[in-house]
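Okay, structure first, notes after.
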Amino acid sequence: MPRKGKEFGTVTEALRSAQRSAARKKRAREKRAAEIAARVPGEGYEPCIVSFIDVLGFRNLLETRHAKDIRDVLLQLREFTAPVEELRTRKMKDARLLSRAFADSVSDAVVRVRVFDTQFNDGAFFHELLDLLHAQVQCVGQGVVIRAGVAIGNAHVGPSGKGPIFGPAMVRAYEIETNEAIYPRIVVDQAAYNNFLEDARLRKQDHDLEEELRYVDRLLRSDVDGTRFIDYLGASESEFDDAAGYYLFVQSHADLIRGKLTVTNGRIREKFEWLAAYHNSVVEHVLEEFANGCRSAETFMAEYNVDPVPFLSATIVNA
């Protein structure tokens, strides 16, 4: 038997009843949304590693380069900093199975965000630093010089990483890139490094802190001002297929710096003078290892028919 509708004595009573019913439905919707947000990662802020990456001297490019050249630079930056494509998740519970990186870009900047509050801890901090090292090597190989800031904190990326990306960690990464990186270096926030030391979610779950430190610290270098940055020139040697490929990269790195020093002045030139000093310190360290026997020039000559010592010595940049 159909339920008899409630009768109202006046129009005012009917309106008030409708308003109360609408309010109850709204509260029910909000409650359901809150329950879903609690179950679905990424609906609000979540702990992330955020990297804010920028092209060094972009304003100078706008004044001296054709629009087509600038477009190519930006496309290369986006290509080299883009996260590796992963398999699509079929279930919502798999959305944060392992740490994942997402990226967004605007003009000459790219923001990378890696979530790490996941079901399995796979060494998120190390993997983000290694990805950034590869990106910097690839950019330099194409004549694109970048700087960046890396921070850890809360950010919003959405369940599938489609953003919008925002949050306190993004602001901090931007501040580091703008005010602290200064030179062509990817600076890691001291607070972020401390988080890595304290938060097991940032480390591989079957590694203790000492073991994970060996992997992470191999990628980093402290500058004379105490700033910790990614040692892309020194730490990338093991990422090349062979020693010859690495030495050729060192040579192209020297050529890039020399070329920039001849066409820049003022504050921009100072940044490449810093890069020259960094380059020379790495090369001099390798030469020292040949001199003290840690490396064998004879072995290199036997394999490549080139004496590495004069070859590397010729890459020292006189700024």
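The values are calculated or read from the model by the stated rules, or taken from the named source; none is laboratory data. These numbers come from a predicted model, not from an experiment. Backbone-built Cβ (ideal geometry, glycine too); neighbour counts: all protein chains shown. In case anyone asks, the SASA skips ligands and DNA or RNA and just uses the protein heavy atoms, side chains included. Shrake-Rupley method; radii C 1.70, N 1.55, O 1.52, S 1.80 Å.
Results, tabulated for the structure shown:
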| quantity | calculated |
| --- | --- |
| Among residues of region 128-144, those that are among the hydrophobic types (A, V, I, L, M, F, W, C), in a helix (DSSP H, G or I) and touching a strand residue (DSSP E or B) at 6+ places or on another chain (Cβ under 8 Å), counted | 5 |
| Count of residues meeting criterion [among the hydroxyl-bearing types (Ser, Thr, Tyr) and in contact with a helix residue (DSSP H, G or I) (Cβ under 9 Å, 6 or more places away or on another chain)] in region 118-169 | 1 |
| Test: residue in region 60-69 that is among the β-branched types (Val, Ile, Thr) and at pLDDT 70 or above | no |
| Residue within region 102-110 that is buried (at least 17 other Cβ atoms within 10 Å of the Cβ) and farther than 14 Å from Pro83 by Cα present | yes |
| Total residues in region 105-127, condition in a strand (DSSP E or B), more than 11 Å from the chain's Cα centre (by Cα) and not polar (S, T, N, Q) | 4 |
| Scan of region 218-238 for residues that are assigned to a helix (DSSP H, G or I) and loosely packed, with under 15 Cβ neighbours inside 10 Å, ordered by number | Ser238 |
| Exclusive hit being β-branched (Val, Ile, Thr), out of contact with any Lys or Arg (no Cβ under 9 Å at 6 or more places or on another chain) and touching a residue at least 24 places away in the same chain (Cβ under 8 Å), set Ile176, Ile182, Ile186 | Ile176 |
| Residue in region 118-141 that is without any contact (Cβ under 8 Å) to a residue 12 or more places away in the chain and surrounded by fewer than 23 Cβ atoms within 10 Å (Cβ to Cβ) present | no |
| Among the candidates Leu197, Leu248, Leu202, residue that is more than 23 Å from Glu79 (Cα to Cα), among the hydrophobic types (A, V, I, L, M, F, W, C) and open to solvent by 40 Å² or more (accessible area, probe 1.4 Å) | Leu197 |
